[in-house]
1. By the scheme Lys and Arg +1, Asp and Glu -1, what is the net charge of all other residues having a beta-carbon under 14 Å from that of Ala121?
2. For a quick check, take a GNM of the chain with Cα springs below 10 Å and name the residue from Gly37, Gly94, Gly105 with the largest mean-square fluctuation.
3. What is the local net charge at Ser207, summed over the other residues whose Cβ is closer than 14 Å to its Cβ (Lys, Arg +1; Asp, Glu -1)?
4. Which distance in Å, rounded to a whole number, links the C-alpha centroids of the range 123-168 and the range 1-79?
5. Hey, what angle do you get for helix 190-206 against the long axis of the chain, alpha-carbon based, 0 to 90 degrees rounded to 10?
6. Relative to the longest principal axis of the chain, what angle (0 to 90°, nearest 10) does the C-alpha long axis of helix 78-93 take?
7. Give me the percent relative contact order of the range 80-208, please, defined on Cα pairs under 8 angstrom at least 6 residues apart.
8. Relative to the longest principal Cα axis of the chain, at what angle does helix 3-19 sit, 0 to 90 degrees, rounded to 10?
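Throughout, read-outs are computed from the coordinates displayed, never taken from laboratory work. All values derive from a computational prediction rather than experimental measurement. FYI the Cβ positions are ideal-geometry reconstructions off the backbone, even for glycines, and counts take in every protein chain you see.
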Amino acid sequence: MDASMFRAWIHEAARLVTENADHLTRLDSAVGDADHGINMRRGLQAAVAMLDETDPSTPGAVLATVGRALISKTGGASGPLYGTGFRQAAGTLGVDPDVSAAQLGAALAAALTGIQRIGAALEGDKTMIDALSPAVTAYQAVIDTGGDLTNATRAASDAAVRGLKQTARMQARKGRASYLGARTIGHEDPGAASTALILSALATVSSA
Ligand code: ADP
Ligand code: MG
Ligand code: MG
């Protein structure tokens, strides 16, 4: 995967999140403050604009730019969380002009670790971690058994959707939603939903 493929990923993620912004905001209106779609659309559109402006030449530079854009433009708790995730992922890729499927797996794992370091959410707390963590595990399982990028990203995307669905049964223990306690049960977590979209975008560009 080269820089242009990572850019295509972020373009597709911005397109999917924009298309689903109302849905993300509706999920956040049930468990939060009804702004997740607005926040994510703003952040990812800013990321696309910054990529078009600066034209980074390596995968790591693309993801570092996305991280910066999300931290400065997303607003809400999700901005610094996703921003840190992308920046940590960027750090593992260094300055390689082309990265392997295994390197991308390490980058996804670093994103998870970074988000958990600043957000302190565990699986089961009803956050984006409930989509991202099973996705990282599923990706690695495919790589470990000799699978390729297309299969690994598809497995990650499918696992994120399954994790998202499971968040409906959970009570929120982190972020703004935790204030609503048991009333969050029965609703999917908005951040898990945006993570599923971002990983679906990755699977789409990886199979093209
Ligand atoms: P805000 O809650 O500030 O309005 P958003 O609505 O954009 O921010 O994002 C809310 C999402 O952020 C939640 O659905 C959840 O997935 C995620 N989130 C909140 N707190 C944490 C945390 N500590 N760790 C991981 N994810 C979190
Ligand atoms: Mg919100
Ligand atoms: Mg908010």
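1. Values: positive: Arg117, Lys126, Arg173, Lys174, Arg176; negative: Glu123, Asp125, Asp130, Asp189.
Net local charge, Ala121 excluded: +1.
2. Maximum among the listed residues: Gly94.
3. -2
4. Centre-to-centre (Cα) distance: 20 Å.
5. 20 degrees
6. 30 degrees
7. Values: 203 pairs, mean separation 30.3, N = 129.
Dividing the mean separation by the residue count of the range 80-208 yields 23 percent.
8. Taking Cα atoms only, the helix is inclined about 20 degrees.
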